[in-house]
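Novice: Quick one: the structure is below, questions incoming.
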């Protein structure tokens, strides 16, 4: 029996901006940049530089903020990056959102569903403006669901730059597409075919943030069996994952290494890729401006 199953997805206004940016990024750009495939480069450039990610909260109380901060920090145990929630020991308060907030990640509870922008898309003004929410946990400020910790881990995984595991280029899930188009096109989702494809089809092959298919990953969505041709026997069918898998932990070390030589190598490759992308992009495009800002950031902060 099909329940009213709601799938994680961006609000339409944000998805439209993401799709527009993806199209623009590929205009007049070859398949290879700085010696690597374009998809691998773009995938890597979504990751933050080793260091600290600032986080603010719009809504909720300190008790909720503490729960979310402690849960998100589990990721930091396995990679060389940390979250700064702006905790004030004197007041017991965490960093509060403001209308012009430029925190790297801005957590809110007011929109429908659970979603997060991927990696540093959250600071790209072509996608979101200062003050806009970049990670949403619907109604967590009113009533925490039983699976809240797993949801929070999943969404902060996106904030770190990890995509959905069911969309890995390394494996094809046997989704029953005609059934999905029909079901998701109705209530409560009302998705177009294009939106179904954006959220469920395989991503184009990238590199750093995918490995062999890991059905136990916190980034693997738990879909009802009816969504698959082979139902419960599908390799992509899994009960809800609530903790980081061993592969999640390994990939954190790949994405955010501790070794200085690896950090330096990553910096050099990113700066080289950004310089090539800037040279190929239109001077007046938002994409070009964003690449320039990132390149200047690397030049100032590289080891």
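Novice: If you stretched the chain out fully between residue 254 and residue 13, how much longer would it get, using 0.36 nm times the residue separation minus the C-alpha to C-alpha distance? Working shown, then result.
Specialist: On the way: separation 241, 0.36 × 241 = 86.76 nm, distance 3.24 nm.
Full extension of this stretch gives 83.5 nm more.
Novice: Between residue 242 and residue 63, take the C-beta separation as r, use R0 = 30 Å, and let me know the FRET efficiency to the nearest 0.05.
Specialist: Values: r = 21 Å, r/R0 = 0.69.
With a Förster radius of 30 Å, E is 0.90.
Novice: A further question on this structure: Most mobile of 88, 120, 269 per a Gaussian network model of the chain (Cα springs, under 10 Å)?
Specialist: 88
Novice: For the range 51-161, just say rounded, prolate or oblate: build the C-alpha gyration tensor, square-root its eigenvalues into a ≥ b ≥ c, call rounded for a/c under 1.5, and beyond that prolate if a/b exceeds b/c, oblate if not. List each step's numbers first, then the result.
Specialist: Values: a/c = 1.13, a/b = 1.10, b/c = 1.03.
Verdict is rounded for the range 51-161.
Novice: Hey, what number do you get for the chain at 222 nm if only DSSP H runs of n ≥ 4 count, each worth -39500 (n - 2.57), divided across all residues, to the nearest 500? Could you put the intermediate results ahead of the total?
Specialist: Details: 9 runs with 109 residues, N = 303.
Value at 222 nm, helices only, nearest 500: -11000 deg cm²/dmol.
Novice: Would you mind ranking 216, 198, 166 so that the residue whose beta carbon has the fewest other beta carbons within 10 Å leads the list? Mind dumping the intermediate values first?
Specialist: Working: 216 15, 198 18, 166 22.
The order, fewest Cβ neighbours first, is 216, 198, 166.
Novice: Taking only Cα atoms and a 10 Å spring cutoff, compute GNM fluctuations for the chain and point out the largest among 12, 214, 267.
Specialist: 12
Novice: Suppose each label sits 7 Å from its Cα in the direction of the beta carbon; what would the residue 132-residue 298 distance come out to in nanometres?
Specialist: Here the answer is 2.5 nm between the modelled labels.
Novice: Which whole-number percent is the relative contact order of the chain (Cα, under 8 Å, 6+ apart)? Can you show the working numbers first?
Specialist: Details: 470 pairs, mean separation 63.9, N = 303.
That works out to 21 percent.
Novice: Considering only DSSP beta bridges where both residues belong to the chain, give the percentage that are antiparallel (nearest 5).
Specialist: Details: 7 of 18 bridges.
Once the DSSP bridges in the chain are tallied, antiparallel ones form about 40 percent.
Novice: Specify whether the C-alpha gyration tensor of the range 6-70 places it in the rounded, prolate or oblate class, a ≥ b ≥ c being the square roots of the eigenvalues: rounded for a/c under 1.5, otherwise prolate if a/b is larger than b/c and oblate if not.
Specialist: Working: a/c = 3.49, a/b = 1.77, b/c = 1.97.
The shape class here is oblate.
Novice: Expressed as a rounded percentage, what relative contact order does the range 149-303 have, with Cα pairs under 8 Å and six or more residues apart?
Specialist: Details: 159 pairs, mean separation 35.9, N = 155.
Relative contact order of the range 149-303: 23 percent.
Novice: Stretch residue 70-residue 87 to full length: gain in nm at 0.36 nm per residue minus the Cα-Cα span? Intermediate values should be presented prior to the final figure.
Specialist: Details: separation 17, 0.36 × 17 = 6.12 nm, distance 1.16 nm.
Taking residue 70 through residue 87 to full extension adds about 5.0 nm, to one decimal.
Novice: Roughly speaking, what is the stretch gain from residue 125 to residue 201, that is 0.36 nm per residue apart minus the C-alpha to C-alpha distance, in nm to one decimal?
Specialist: Full-extension gain reported as 24.7 nm.
Novice: With labels modelled as points extended 7 Å from the Cα through the Cβ direction, what inter-label distance (nm, one decimal) is found for residue 264 paired with residue 31?
Specialist: The modelled label-to-label distance comes out at 3.4 nm.
Novice: Hey, fewest Cβ within 10 Å first, where do 78, 221 land in order?
Specialist: Fewest-to-most ranking of 78, 221: 78, 221.
Novice: Nearest 5 percent is fine: what portion of the DSSP beta bridges confined to the range 51-161 is antiparallel?
Specialist: On the way: 4 of 15 bridges.
Of those bridges, close to 25 percent are antiparallel.
Novice: Which residue, 165, 22, 39, tops the fluctuation ranking in a GNM of the chain built on C-alpha contacts under 10 Å?
Specialist: Comparing 165, 22, 39 in a Gaussian network model of the chain, the most mobile one is 22.
Novice: Sort out for me the Cα centre separation of the range 132-155 from the range 218-246, rounded to whole Å.
Specialist: The range 132-155 and the range 218-246 have Cα centres separated by 20 Å.
Novice: Mean separation of Cα pairs under 8 Å and 6+ residues apart, divided by the residue count of the range 51-161: what relative contact order is that in percent? Before the final figure, lay out the partial values.
Specialist: Working: 196 pairs, mean separation 34.0, N = 111.
Contact order relative to length: 31 percent.
Novice: Let me ask something else about it. Which of rounded, prolate or oblate describes the range 133-230 when judged by the alpha-carbon gyration tensor and an a/c cut-off of 1.5? All intermediate terms of the calculation are to be shown ahead of the outcome.
Specialist: Numbers: a/c = 1.69, a/b = 1.12, b/c = 1.51.
Here the range 133-230 falls in the oblate category.
Laboratory data are not the source of any read-out in this text; all were calculated from the coordinates shown. As the structure is a computational prediction, the values presented were derived from the model and not from experiment. Quick reminder, even Gly has a Cβ in these numbers, built from the backbone with ideal geometry, and neighbours come from all protein chains shown.
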